[in-house]
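Enquirer: To start, I am sharing the structure in question, which I have written as structure tokens.
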Amino acid sequence: MKLYLSADMEGTAGVCSWSQVDPANPHEYPTYRRYMSREVRAAIDGARTVAPCDVLVNDAHWDMRNLLWDELPDDVRVISGARKPLSMAEGAQTRYDAAFFTGYHAAIGSGGAVLAHTYSDTSIYDVRVNGTPCSEALLNAALLGLYGTPVVLVTGDRATVESARRALPWATGVVVKDAVGYYAANSLAPEAACHAIAAGARDAISNLAAAKPFTFEPPIELVIEAVKAEQADFMELLPRFERIGGRTVRFTSGDYTSAFHAFLTAMRLGNAANVPA
């Protein structure tokens, strides 16, 4: 079977601070990128106890050069580096039998969640598709769904897993930590988290027959609330965007692919507005 895996880092066991996931930090980051890599390995190994898997892993955190090859099976392929056209969902533009999201985090504004944000905490305050508040998991799952790929495993903190399973009730969720605050967590030890993720992956593949691709029904309305008004100034310059509030823009489309592209472009342009004039 063909398996797609998008690997983020904030939802890794033990992570509770930006310094732990920032590649510029030479002290903590090397340790936590290894924990991230081992959770990816656990998910793959767990899936392979049920069925042989041809695996593509998309490194989906920060500069997207985090995964340690020596922690992964030697037959997987990994997409690494930025800027990828589809960012966290790069490689999703084909059909897979199943998709896993490991190390994911909750949407910006979520209560009881560690390091919650949606793609960029510096430019995105809120994002909704057809009125539905979206996390990264939901945005990415909807793109996979267009190609018939169901997301069947989500790992991260409790808020992340519970939110994902409300939209993807067939998915197996593995909670590796509970938020004590935005910058604090009550977490499983890394090895225990890997055991839990491997078991979750086994369950996810075993129950694959019940899974469904997730999609938004067209027409698509994408509404982005930026962090700052000057970011919305930039976003509304994009074709088919309209300003509907001081920090809010709207994009409408007949298909989700163009809306996903529009979201990524607006987010990146919003970040460019952070540079002082």
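Enquirer: Between the range 180-195 and the range 1-57, how many Å separate their Cα centres?
Expert: Taking the Cα centre of the range 1-57 as reference, the centre of the range 180-195 is 14 Å away.
Enquirer: Let me ask something else. So if I average 1/r over every pair of distinct C-alpha atoms in the range 220-272 and take the inverse, what Kirkwood radius in Å does that give?
Expert: Answer for the range 220-272: a Kirkwood hydrodynamic radius of 10.6 Å.
Enquirer: Could I ask something else about it? I need the shape label for the range 148-277. Rule: rounded when a/c is under 1.5, else prolate if a/b > b/c, else oblate, with a, b, c from the alpha carbon gyration tensor.
Expert: Because a/c hits 1.5 or more and a/b fails to exceed b/c, the range 148-277 counts as oblate.
Enquirer: Now for a different question. Counting only residues 5 or more places away or on other chains, whose amide H sits under 5 Å from the amide H of TYR125 once H atoms are built in the peptide plane?
Expert: Long-range HN contacts for TYR125: GLU225, ALA226, VAL227.
Enquirer: So for the range 220-272, averaging the separation of alpha carbon pairs under 8 Å that are six or more residues apart and normalising by length, what relative contact order in percent results?
Expert: 42 percent
Enquirer: Additional query: Identify, among GLY246, PRO276, TYR104, the residue whose Cα sits farthest towards the positive end of the charge dipole of the chain, taking +1 on the Cβ of Lys and Arg and -1 on the Cβ of Asp and Glu, with the dipole about the Cα centre.
Expert: Sorting the options by dipole projection puts first GLY246.
Enquirer: Can you compute the FRET efficiency between GLU191 and TRP170 using 1/(1 + (r/R0)^6), with r the Cβ-Cβ distance and R0 = 35 Å? Round to the nearest 0.05.
Expert: Efficiency computed from Cβ-Cβ geometry: 0.80.
Enquirer: Express in % the proportion of alpha carbon pairs of the chain at distances exceeding 33 Å.
Expert: Summing the P(r) tail past 33 Å for the chain gives 16 percent.
Enquirer: What is the dipole size for the chain, taken about its Cα centre, with +1 at each Lys and Arg Cβ and -1 at each Asp and Glu Cβ, in debye to the nearest 20?
Expert: 320 debye
Enquirer: Follow-up question, since we're still on this one. Compute the distance in nm between two label points, each set 7 Å from the Cα along the Cα-to-Cβ direction, one at ASP54 and one at ARG268.
Expert: 2.9 nm
Enquirer: Considering only ALA193, CYS16, PRO213, whose Cα is most displaced toward the positive end of the charge dipole of the chain, charges sitting on Cβ of Lys, Arg (+1) and Asp, Glu (-1)?
Expert: PRO213
Enquirer: Between THR132 and LEU237, with labels modelled 7 Å along Cα→Cβ, what's the label distance in nm to one decimal, could you check?
Expert: 3.3 nm
Enquirer: Alpha carbon centre of the range 202-277 versus the range 66-83: separation in Å?
Expert: The range 202-277 and the range 66-83 have Cα centres separated by 27 Å.
Enquirer: Let me ask something else. Run the paramagnetic zone check for TRP18: 7 angstrom along Cα to Cβ, then residues of the range 97-112 with backbone nitrogen under 15 Å.
Expert: 108-109
Enquirer: Suppose a student asked you for the relative contact order of the chain, using Cα pairs under 8 Å spaced at least 6 residues apart; what percent would you report?
Expert: Across the chain, relative contact order equals 21 percent.
Enquirer: Based on the mean of other Cβ atoms within 10 Å per residue, sort peptides 53-63, 21-31 so the most packed one is first.
Expert: 53-63, 21-31
Enquirer: Which residues among the range 50-80 fall inside the zone where the amide N is under 13 Å from a point 7 Å beyond the Cα of LYS2, along Cα→Cβ?
Expert: Within reach of a label on LYS2: 54-57.
Enquirer: Can you list the DSSP H helices in the chain whose Cα atoms extend at least 18 Å along the helix axis and whose mean Kyte-Doolittle hydropathy is 0.0 or higher?
Expert: Both cut-offs are met by 190-206, 256-272.
Enquirer: Compute, for the range 229-277, the length of the dipole vector about the Cα centre, with Cβ point charges of +1 (Lys, Arg) and -1 (Asp, Glu) only. Units Debye, rounded to 20.
Expert: 60 debye
Here, each number is a calculation from the coordinates, and none is a lab measurement. Here the structure is a predicted model, which is why all the values come from computation and not from measurement. With ideal geometry, Cβ positions are generated from the backbone for all residues, glycine too; neighbour counts draw on all protein chains shown.
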